[in-house]
Amino acid sequence: MSTMIALFIVLSTLIGCAGETLTNVKNALPEPAASLTLAVEIENYAETVRDEDGAALAICSYDLPVLRVLLEDGGPLKEAATEGERRALEMAETFNARFSAWKDNPQTLAKGAKEDRAFRNESEQEPMAYTDDLSCTVYQTETLISVSGVYYTYTGGAHPNSILMSWNFDLDTGAFFEPEILDEGGDLREPVRLALVKQARETAAEMGMAPKDFYWGDYETILADWSSYAVSFDEAGMTVGFSPYELACYAAGPQVFHLTYDQLRPHLGQHGRELLGLEEGSAAKADG
């Protein structure tokens with residue numbers, strides 16, 4: 001248990017869950033040059049940390065989003081010659097720093113695994129390697145990048161732990177943001193809560209159960225705090241995800257809810273509409 005606590009503390013320090021806020025205030029820096037393209041790609045980082053005798057302590061594999069600044073010819077921008085180029089490189093650096101921190105995690109995980117291995121050897125138990133895995137999907141528009149992640153880790157016990165994660169990045173401010181920013185000037189929180197409660201009750205009914213039997217007894221209170229969990233966006237709308245144990249027992253699995261942009265639009269502030277591309281004249285979002 002102490003190993004797991006230490007692991008989650010490290011992860012919270014490095015990357016956080018469900019989209020930490022760096023700043024929600026628009027800055028006055030110039031926009032990146034029009035000839036530049038900001039493109040996100042997924043790169044896999046894999047590392048196996050071994051003990052002195054060659055035995056695997058930690059086996060890690062992370063799909064990490066990487067934001068690149070590309071020139072008009074498709075080549076990478078390496079050095080800024082203009083204020084717009086400097087702005088673009090700073091934006092990429094801010095974005096990439098959030099995910100590159102994962103590369104430090106294998107050594108931290110291996111430290112706990114080494115202690116566990118010594119305990120298992122002393123108690124004549126079968127040794128095991130700790131495993132760590134992050135898979136990510138990316139949705140990008142002209143105004144935002146939304147990353148949805150599923151993190152699996154196994155350090156012994158009855159089953160691995162899985163955590164839904166999200167990171168949302170404003171391409172105007174060049175900063176990560178939390179869903180509360182969408183509510184500025186709007187009334188988003190309550191309509192989303194009502195939609196989540198409705199969907200939760202429908203899910204429980206499909207299982208032939210009352211909501212308070214399928215979910216925790218205070219499930220409505222948990223849903224009211226939806227913006228603190230894994231919130232991400234794609235072409236269809238907004239997803240709110242709850243990891244196992246957050247809303248229901250482990251056997252129930254993660255609980256994932258969806259709202260379309262048509263549901264969100266009337267309750268967003270102006271910046272929220274701009275960020276999600278829902279202002280008049282912006283590219284329409286599909287409600288599939």
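The values are calculated or read from the model by the stated rules, or taken from the named source; none is laboratory data. What you are looking at is a predicted structure, and each value in this text was computed from that prediction instead of being measured. Using ideal geometry, Cβ is built from the backbone for each residue, glycine included, and neighbour counts are taken over all protein chains shown. Just the protein is used for accessible areas: all its heavy atoms, side chains included, with ligands, DNA and RNA removed. Shrake-Rupley method; radii C 1.70, N 1.55, O 1.52, S 1.80 Å.
For segment 201-223, a residue qualifies if it is in contact with a helix residue (DSSP H, G or I) (Cβ under 7 Å, 6 or more places away or on another chain), free of Cβ contacts under 8 Å to residues at least 24 places away in the same chain and not in a helix (DSSP H, G or I), and the qualifying residues are Met207, Ala210. In segment 65-87, the qualifying residues are those that are part of a helix (DSSP H, G or I) and in contact with an Asp or Glu (Cβ under 9 Å, 6 or more places away or on another chain), and the one that is most open to solvent (accessible area, probe 1.4 Å) is Glu85. Can we say Glu180 is open to solvent by 40 Å² or more (accessible area, probe 1.4 Å) and either outside any helix (DSSP H, G or I) or modelled with pLDDT of 95 or more (or both)? The answer is no for Glu180.
The residue pairs whose first member lies in segment 255-273 and is more than 18 Å from Gly185 (Cα to Cα), whose second member is in a helix (DSSP H, G or I) and aromatic (Phe, Trp, Tyr), and whose beta carbons are closer than 9 Å, counting only pairs six or more residues apart or on different chains, are Phe257/Trp226. Restricting segment 203-239 to residues that are aliphatic (A, V, I, L, M) and over 22 Å from Asp262 (Cα atoms) leaves a set whose member that is least open to solvent (accessible area, probe 1.4 Å) is Ala204. Among the residues of segment 97-144, which ones are open to solvent by less than 40 Å² (accessible area, probe 1.4 Å), part of a helix (DSSP H, G or I) and touching a strand residue (DSSP E or B) at 6+ places or on another chain (Cβ under 8 Å)? Residues satisfying the conditions are Arg98, Phe99, Trp102, Asn105, Pro106, Leu109, Ala110, Gly112, Ala113, Asp116.
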